[in-house]
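Here's the structure, in structure tokens; my notes come after.
The values are calculated or read from the model by the stated rules, or taken from the named source; none is laboratory data. Owing to the predicted nature of the structure, the values given are computational and were not obtained by experimental measurement. Note that we place each Cβ from the backbone using ideal geometry, even for glycine, and neighbour counts take in every protein chain shown. SASA here: full protein model, heavy atoms, side chains in, ligands and nucleic acids out. Shrake-Rupley method; radii C 1.70, N 1.55, O 1.52, S 1.80 Å.
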Amino acid sequence: MRRLVFSAVALLATTTLVSGPEQLCPCVAEPAPSEVARVEFLENALQKQADELAALRAELDGYRAWMSTVAIPIHNQPAPRKSLANLAPSSGLDRDSATRAAMAARLMVTGAGALNVLPTGSMRPTFDQNAILLTEPARFEDIRVGDIVTFKHPAYLVSVVHRVLEKRGDRFWSKGDANGRMDDIYITRENFDRRVFGIIYGRESAITPLAR
């Protein structure tokens with residue numbers, strides 16, 4: 001009789017230990033396979049978007065660096081032909097279209113860059129602030145009278161863009177097409193910057209000059 005009672009108690013204790021996992025085995029429910037797959041999908045999608053955003057930012061930074069320079073045509077005494085000096089070509093291109101055209105054109109010339117123009121009007125009728133200038137690196141020896149070039153002026157923080165009109169020894173004298181007198185400094189090897197090889201005309205007020 002005692003053996004029977006002891007066996008019954010032992011069996012009951014064993015049953016209690018096995019059937020009480022909440023006390024002896026603190027297990028955690030695993031997520032369903034569909035939930036795991038969804039999390040992985042979302043993580044991959046977020047990573048892809050992050051990579052695309054990083055690439056776009058890098059491209060934008062490159063464009064900003066390329067388009068960051070402003071050229072200023074210095075306006076001094078107006079030229080006598082005021083009616084012509086107040087005119088400049090335009091096109092139907094808005095800012096984005098003009099910029100894309102400039103980006104495409106620069107691929108044809110090694111080292112090409114682009115310049116926005118400040119609204120001084122001194123290079124009318126050739127161009128005004130509604131144009132984007134395409135520039136190229138050039139040797140000082142290759143400058144010719146008639147070229148439009150950019151150069152550093154001690155009175156300005158940005159490049160000046162004017163036309164070369166005279167060669168004096170190893171220096172050049174320039175002038176804005178709409179100006180009545182020559183510039184107050186010469187273009188030398190030290191201050192010469194780049195040469196303009198193309199002009200993208202935009203719709204009036206379409207090209208907003210960069211602030212400097």
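Taking Asp184, is it modelled with pLDDT under 95, open to solvent by less than 60 Å² (accessible area, probe 1.4 Å) and not in a strand (DSSP E or B)? Steps first, please.
Details: modelled with pLDDT under 95: yes; open to solvent by less than 60 Å² (accessible area, probe 1.4 Å): no; not in a strand (DSSP E or B): yes.
No, not satisfied.
Name every residue in the stretch 73-83 that is modelled with pLDDT under 60 and open to solvent by less than 60 Å² (accessible area, probe 1.4 Å), in order of residue number.
The answer is Ala79, and nothing else.
If we scan the stretch 189-202, do we find a residue that is part of a loop (DSSP other than H, G, I, E, B) and under 23 Å from Asn130 (Cβ atoms)? Step through it out loud before you land on a result.
Of the residues in the stretch 189-202, the ones part of a loop (DSSP other than H, G, I, E, B) are 189-191, 202.
Of the ones still in play, those that are also under 23 Å from Asn130 (Cβ atoms) are 202.
Yes, that holds for at least one residue.
Taking the criterion of being in contact with a helix residue (DSSP H, G or I) (Cβ under 8 Å, 6 or more places away or on another chain) and more than 15 Å from Leu115 (Cβ to Cβ), would at least one residue in the stretch 172-186 satisfy it? Please lay out each step first, then the result.
Going through the stretch 172-186, the residues in contact with a helix residue (DSSP H, G or I) (Cβ under 8 Å, 6 or more places away or on another chain) turn out to be 177-178.
Remaining after also requiring more than 15 Å from Leu115 (Cβ to Cβ): 177-178.
Yes, the stretch 172-186 contains at least one residue that is in contact with a helix residue (DSSP H, G or I) (Cβ under 8 Å, 6 or more places away or on another chain) and more than 15 Å from Leu115 (Cβ to Cβ).
Need at least 2 residues that are open to solvent by 40 Å² or more (accessible area, probe 1.4 Å) per element, so show me which strands (runs of 3 or more DSSP E) inside the stretch 84-178 make the cut, counting only ones lying wholly within it. Don't jump to the end; show me each part of the working.
Numbers: elements: 113-117, 131-136, 148-151, 159-168, 171-175.
Per the criteria, 159-168, 171-175.
Being hydrophobic (A, V, I, L, M, F, W, C) and under 12 Å from Ile199 (Cα atoms), is that true of even one residue in the stretch 147-161?
Kept after step one, since they are hydrophobic (A, V, I, L, M, F, W, C), are these residues of the stretch 147-161: 148-149, 151, 155, 157-158, 160-161.
Add one more test, that the residue is under 12 Å from Ile199 (Cα atoms), and what stays is 148.
Among the residues of the stretch 147-161, at least one is hydrophobic (A, V, I, L, M, F, W, C) and under 12 Å from Ile199 (Cα atoms), which makes the answer yes.
When you go through (1) assigned to a helix (DSSP H, G or I); (2) modelled with pLDDT of 70 or more; (3) open to solvent by 90 Å² or more (accessible area, probe 1.4 Å); (4) not small (Gly, Ala, Ser) one by one for Leu53, which number turns out not to apply?
Here Leu53 clears every test but (3).
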